[in-house]
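Chemist: The structure follows.
None of the figures in this text is laboratory data; all of them are computed from the coordinates on show. Keep in mind that what you see is a predicted model, and the values were worked out from it rather than measured. Ideal geometry is used to build each Cβ from the backbone, glycine not excepted, and the neighbour counts take in all protein chains shown.
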Amino acid sequence: MPAWTLRDDGLQIAVRVTPRGGRDSLSAGTEEHFAARLSAPPVDGAANAALIPLVAKQFGVPKRAVTIVAGETARLKRLHIAGEPQVLAHVAEALYGSTP
């Protein structure tokens with residue numbers, strides 16, 4: 001499965017999270033997922049709480065537009081980003097430098 005998939009109402013992305021990874025960053029990972037490094041620990045949802053605003057900022061959408069749809073307690077997560085699919089796909093491509 002690719003790192004992102006177009007949906008009618010936005011984009012779905014796969015993210016591999018590394019909690020306690022230093023500075024917060026979202027970058028290209030493998031062909032199957034983005035890589036997110038978070039300073040937050042994986043305790044009491046702190047990493048998830050840090051991931052949502054990071055993804056929202058990177059994709060230029062409000063925090064309410066980003067939801068975790070799978071993997072809430074796992075390192076590999078699927079997130080839905082609501083918005084214009086083509087615009088969001090352009091941001092995803094820019095993070096990777098090309099389509100995965």
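Chemist: Along its principal axes, what span do the Cα atoms of the chain show, with the longest given first and each in whole Å?
Modeler: Here the spans come out as 34, 26, 21 Å, largest first.
Chemist: Going by alpha carbons, how many degrees (0 to 90, nearest 10) lie between the helix axis of 85-96 and the longest principal axis of the chain?
Modeler: On a 0 to 90 degree scale, this one is about 60.
Chemist: In debye, nearest 20, what is the charge dipole magnitude of the chain about its Cα centre with +1 on Lys and Arg Cβ and -1 on Asp and Glu Cβ, if you could check?
Modeler: Dipole of the chain, to the nearest 20 debye: 360 debye.
Chemist: Same structure again: According to the Cα gyration tensor, what semi-axes, each the square root of 5 times an eigenvalue, does the equivalent ellipsoid of segment 44-100 have, listed from largest to smallest in whole Å?
Modeler: Working through the eigenvalues yields semi-axes of 21, 13, 10 Å.
Chemist: Divide by every residue of the chain the summed helix terms, -39500 (n - 2.57) for each DSSP H run of at least 4, and state the resulting mean residue ellipticity at 222 nm, rounded to the nearest 500 deg cm²/dmol.
Modeler: Mean residue ellipticity at 222 nm (helix-derived): -8000 deg cm²/dmol.
Chemist: Same structure again: One quarter of the convex hull surface, Cα atoms only: what value does that give for segment 15-71 in nm²?
Modeler: Result: a mean projected hull area of 3.9 nm².
Chemist: HN-Hα J couplings of segment 45-55 from phi, Karplus 6.51/-1.76/1.60, θ = phi - 60°, integer Hz, Gly and Pro as x?
Modeler: For segment 45-55, the Karplus-derived couplings read x, 5, 5, 4, 5, 7, 5, 4, x, 5, 5 Hz, x marking Gly and Pro.
Chemist: Follow-up question, since we're still on this one. If I stretch the segment between Thr73 and Leu6 completely, what's the gain in nm (0.36 nm per residue apart, minus their alpha carbon distance), one decimal?
Modeler: In short, 21.7 nm is gained.
Chemist: Non-local amide H neighbours of Gly10 (under 5 Å, H modeled in plane, Pro and chain starts lacking H): which ones?
Modeler: Amide H neighbours of Gly10: Gly83.
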